[in-house]
1. If I stretch the segment between THR204 and THR385 completely, what's the gain in nm (0.36 nm per residue apart, minus their alpha carbon distance), one decimal?
2. How charged is the neighbourhood of ALA222? Take every other residue with its Cβ under 14 Å from the Cβ of ALA222, and add Lys/Arg as +1 and Asp/Glu as -1.
3. Give me the log10 of I(q) over I(0) for the stretch 239-380 at q = 0.10, 0.17, 0.20 Å⁻¹, as the Debye formula computes it from C-alpha points; what are the numbers?
4. Take each of the peptides 323-331, 166-174, average the number of other beta-carbon atoms within 10 Å over its residues, and list them starting from the highest.
5. Can you give the net charge of the other residues whose Cβ lies under 11 Å from the Cβ of ILE404, counting K and R as +1 and D and E as -1?
6. Under a plain spin-label model, where a point goes 7 Å from the Cα along Cα-to-Cβ, how far apart in nm are ARG212 and THR250?
7. Once ligands and nucleic acids are excluded and a 1.4 Å probe is used, how much of THR296 is accessible, expressed in Å² to the nearest 10?
8. Give, in nm to one decimal, the length gained when the segment between ALA395 and ASN90 is fully stretched (0.36 nm per residue of separation minus the Cα-Cα distance).
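The values are calculated or read from the model by the stated rules, or taken from the named source; none is laboratory data. Just so we're clear, the structure is a prediction, and the values are computed from it rather than from any experiment. Cβ placement follows ideal geometry from the backbone for every residue including glycine, while neighbour counts extend to all protein chains displayed. Only protein heavy atoms, including side chains, enter the accessible area calculation; ligands, DNA and RNA are left aside. Shrake-Rupley method; radii C 1.70, N 1.55, O 1.52, S 1.80 Å.
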Amino acid sequence: MKKIMILVLSLAVLFGFAACDNSTPATDTPEGTPVTVDATRLAAQQVNYLLFEEIQGSSPATSLIDISTIISDAGNSVSASGETVVITKNYPNGGSIVGNVTLTLGGTYTAAKGSDSATLAVTEYTIAATDLQVPGYGSGNYSSYYGDAEKVTFSISGAVDGNLVYTFNSNGSITSSGSVTTVYTTLPVQSASITMNIPVSRTTTGYVYESREISGAAFIEAFATVAGDDHSAYKFMQDEFAEYWTQINTYDTGILAVITDYLDGGEDTVADADATVTYASTNSQDSTGAYKQTGTVTVAFTANDYKLNASSSAVLDGDFTIVFSTERTGATMEALNQAAIVATGYTLTADGIELTGTGYPLTVSADMVGTGLTTTPSSESVTFTWNATDSKISAAEINDLGDIAGSVTANGVSFNK
């Protein structure tokens with residue numbers, strides 16, 4: 001009997017182990033099931049939510065961190081840090097966000113001179129915080145990722161449009177005039193980063209997060225995309241360049257006057273602009289013995305706070321190059337040397353040209369092709385006179401550069417003009 005009981009107990013234990021072995025394995029592991037998210041876009045949504053999305057029901061409409069409101073509420077209670085203005089904003093416990101943010105405003109600084117105080121015309125901002133507590137956020141595919149508040153650390157720079165000017169008075173006080181019109185996302189020439197929780201896996205009890213720093217070009221572009229045209233720095237730069245280009249097209253005669261002045265032997269006639277004109281060519285003969293000369297006229301233009309026209313508000317700084325493609329013909333070599341050099345088209349290249357005075361200051365690089373010049377010598381738009389004795393171009397007739405087309409980069413934003 002004892003042997004039978006021992007056998008029964010042994011079988012019970014054996015079946016017990018078998019039951020354990022055949023049970024459904026746990027679906028939850030310490031790491032959880034991996035999830036795939038676009039961390040860059042998620043971070044861009046988080047920043048957009050903080051800076052630009054309107055709080056539902058707010059009147060007037062405002063965002064969690066409203067830069068324009070921070071500036072207006074601070075008034076003249078600001079501090080200077082070198083050539084910038086710094087404003088600290090505290091969000092106390094009990095609010096939608098908790099912690100401190102620091103807003104640094106920069107732009108065009110003009111040093112004090114004589115009785116004139118130093119001034120700062122604001123064109124850019126940097127908003128920064130460390131371990132700022134914010135509501136959980138997500139939208140679209142990310143709406144389920146955040147339910148609880150989290151802490152984020154960020155430093156976001158961007159463009160400011162408006163006429164806000166701070167004056168640094170000799171007595172140490174700072175006064176302001178004007179206001180901010182719109183705040184925009186980060187330009188490619190600026191920087192942006194955020195350290196936040198990114199979901200990496202999911203367990204039966206929720207998501208598992210990993211703290212990551214998101215930054216770089218892809219993040220900046222995603223931020224502009226998420227913010228839409230109303231706050232996109234990319235769209236803003238395109239609009240700003242269009243305003244400047246209207247000025248340049250209207251007053252390009254000022255540039256042309258500098259070129260013709262150079263060819264006429266003028267020196268220091270235009271104190272804040274200069275031009276150098278050179279010519280390179282190649283000759284060929286056809287079956288009749290007539291000559292044809294094709295070449296390029298290169299104009300190197302230098303501007304130093306150059307105002308295009310008395311009626312223009314745009315000011316030009318830097319160097320750019322206009323290369324005219326040219327041709328001329330003659331029955332003999334002597335006739336060829338006496339003929340006018342006719343421009344049939346041109347390219348304009350620039351790197352680091354600065355445009356100020358019309359709106360947001362721009363640094364422009366461009367590789368553009370002129371479309372205003374004819375491709376047939378019968379309808380001459382631009383001609384150059386060749387001085388055969390001195391073997392150089394001695395005069396030019398240039399009335400208008402016409403329209404241009406090509407690629408332009410303004411403050412790091414590339415687009416076609």
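1. On the way: separation 181, 0.36 × 181 = 65.16 nm, distance 8.36 nm.
That pair, THR204 and THR385, stretches by 56.8 nm at full extension.
2. On the way: positive: ARG41; negative: ASP38, GLU221.
Net of charged neighbours comes to -1.
3. -0.41, -0.97, -1.22
4. Values: 323-331: 18.2, 166-174: 14.0.
Highest-to-lowest ranking by the protection proxy: 323-331, 166-174.
5. Working: positive: LYS417; negative: ASP252, ASP367, ASP403.
Summing Lys/Arg as +1 and Asp/Glu as -1 gives -2.
6. According to this spin-label approximation, the distance is 4.8 nm.
7. 50 Å²
8. On the way: separation 305, 0.36 × 305 = 109.80 nm, distance 6.58 nm.
Result for the pair: 103.2 nm of gain on full extension.
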